[in-house]
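Colleague: This is the structure, below, for whatever I ask next.
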Amino acid sequence: MSIANRLAAEFIGTLWLVLGGCGSAVLAAVFHGPDQYPLGIALVGVALAFGLTVLTMAYAIGHISGCHLNPAVSVGLWAGGRFPFSDLIPYVIAQVLGAIAGAGIIYLIFTGKSDFSTLGNFAANGFGEHSPGGYSLNAALICEVVMTFFFLIVILGSTHKNTPTGFAPIAIGLCLTLIHLISIPVTNTSVNPARSTSQAIFVGGWALQQLWLFWLAPIAGAALAGFFHRWMANDHPS
């Protein structure tokens, strides 16, 4: 498959991840119907939405690009010997641009509310006073490193050549759902620098100032997982 085809797949796939995951958080997490009847999907619904975006796109574009949708995943797959370094930067650029496009669509929808007044946190990731549960920088750092580490362990294990084929998207989607169930209260859950960047651009200010953590921690956790899994599974770089 040509690099152009693969980058197009990563762009559209990451757009879908942000539109489905962050879109559910912005548009549907807290929502009231007629007579203020609560119809919002809350934390569990948002977590499931993120998992479903990855699961659906894995089947849709996995055969084209591998369905990374995440710079940390690309780094982890490289560290695990599954992805060439020469494709790393193009993949990251396509993922970030796709994420920004997804956030742009959410913005256009969200600002169309008759009573729109502010973006709020727009599902941006944060720590300290911008953590949903008030968690510190250290807590956010540990959480993002560990969650991304285990995300990559599941990805590398479920896509291994010795693992039964066809089930990897289910394991990966459920893993991302679980990660969000654990860590939304801590950081709003990143484990994905592209997703974090797209929301921070629209929020600006504090979100951009704290964005460094949501590049550093996921990439560190993913790289550690890649090297560790390669050793654990006794794999040789392809």
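Colleague: Could you tell me how far the Cα centroid of segment 52-85 sits from the Cα centroid of segment 113-152, in Å?
Modeller: Distance between centres, Cα-based: 23 Å.
Colleague: Just to be sure I follow the definition: excluding the sites themselves, where is the longest run in the chain that has none of the chymotrypsin sites (Phe, Trp or Tyr not before Pro) in a DSSP loop with at most 13 other Cβ atoms within 10 Å?
Modeller: So the longest stretch without any such site is 32-115.
Colleague: How much accessible area per residue does the chain have, counting only protein heavy atoms and a probe of 1.4 Å, in square angstrom? Show your work: numbers first, answer last.
Modeller: Details: 10870 Å² over 238 residues.
That works out to 46 Å² for each residue.
Colleague: Need the full-extension length gain, PHE85 to GLN36, defined as separation in residues times 0.36 nm minus the C-alpha distance. One decimal, nm. Spell out each step's value before the answer.
Modeller: Numbers: separation 49, 0.36 × 49 = 17.64 nm, distance 5.21 nm.
Value of the extension gain: 12.4 nm.
Colleague: Plugging the Kirkwood radius over Cα pairs into Stokes-Einstein for the chain, at a temperature of 20 °C and a viscosity of 1.002 mPa s, what D comes out in µm²/s?
Modeller: 121 µm²/s
Colleague: Moving on to the next point. Mind checking the dipole of the chain: about its Cα centre, +1 per Lys or Arg Cβ, -1 per Asp or Glu Cβ, Debye to the nearest 20?
Modeller: My answer is approximately 400 debye.
Colleague: Sticking with this structure for a sec: Hey, could you get me the Stokes-Einstein D for segment 49-134, Kirkwood radius over alpha-carbon pairs, 20 °C and 1.002 mPa s, rounded to whole µm² s⁻¹?
Modeller: 139 µm²/s
Colleague: Compute the longest continuous run of the chain that contains no exposed trypsin sites (Lys or Arg not before Pro); treat a site as exposed when its DSSP state is not H, G, I, E or B and it has at most 10 other Cβ atoms within 10 Å.
Modeller: Segment 1-112 is the longest.
Colleague: Kindly express, to the nearest 10 degrees and within the range 0 to 90, the angle between helix 193-203's C-alpha long axis and the longest C-alpha principal axis of the chain.
Modeller: 20 degrees
Colleague: When all protein chains stay in place, what accessible area (Å², nearest 10, 1.4 Å probe) is found for CYS143?
Modeller: Only protein atoms counted, so the area is about 20 Å².
Colleague: Something else: Whenever you get a sec, compute what percent of the accessible area on segment 108-238 sits on carbon and sulfur atoms (1.4 Å probe).
Modeller: Of the solvent-accessible surface of segment 108-238, carbon and sulfur hold 67 percent.
Colleague: Taking the chain as the reference, fit the longest principal axis to its C-alpha atoms, fit the long axis of helix 42-65 to the helix C-alpha atoms, and give the angle between the two in degrees, 0 to 90, nearest 10.
Modeller: The angle comes out near 40 degrees.
Colleague: Run through every distinct alpha carbon pair of segment 98-238 and return the Kirkwood hydrodynamic radius in angstroms, one decimal place.
Modeller: About 16.2 Å, per the Kirkwood formula over Cα pairs.
Colleague: Now for a different question. Taking Cα atoms, how many degrees apart are the long axis of helix 213-232 and the longest axis of the chain, rounded to 10 and kept between 0 and 90?
Modeller: 30 degrees
Colleague: Counting only helical runs of four or more DSSP H residues, what would the 222 nm mean residue ellipticity of the chain come to if each run contributes -39,500 (n - 2.57) and the total is spread over all its residues?
Modeller: Details: 9 runs with 148 residues, N = 238.
Taken over the chain, the calculation gives -20500 deg cm²/dmol.
Colleague: If you take the beta carbon distance between VAL44 and PHE227 as r and set R0 to 35 Å, what does 1/(1 + (r/R0)^6) give as a FRET efficiency, to the nearest 0.05?
Modeller: Using R0 = 35 Å, I get an efficiency of 0.55.
Colleague: Turning to a different aspect of this structure: Of all the accessible heavy-atom surface of segment 37-102, with the other protein chains kept in place and a 1.4 Å probe, what percent is carbon and sulfur?
Modeller: The C+S portion of the solvent-accessible surface of segment 37-102 is 79 percent.
Colleague: What nm distance separates the two modelled labels at TYR59 and THR111, each placed 7 Å from Cα along Cα→Cβ?
Modeller: Taking the two extended label points, one gets 3.6 nm.
The values are calculated or read from the model by the stated rules, or taken from the named source; none is laboratory data. Computed from a predicted structure; not experimentally measured. No Cβ is skipped: glycine too gets one built from the backbone with ideal geometry, and neighbour counts run over all protein chains shown. What goes into the accessible areas is simple: the full protein's heavy atoms, side chains included, and nothing from ligands, DNA or RNA. Shrake-Rupley method; radii C 1.70, N 1.55, O 1.52, S 1.80 Å.
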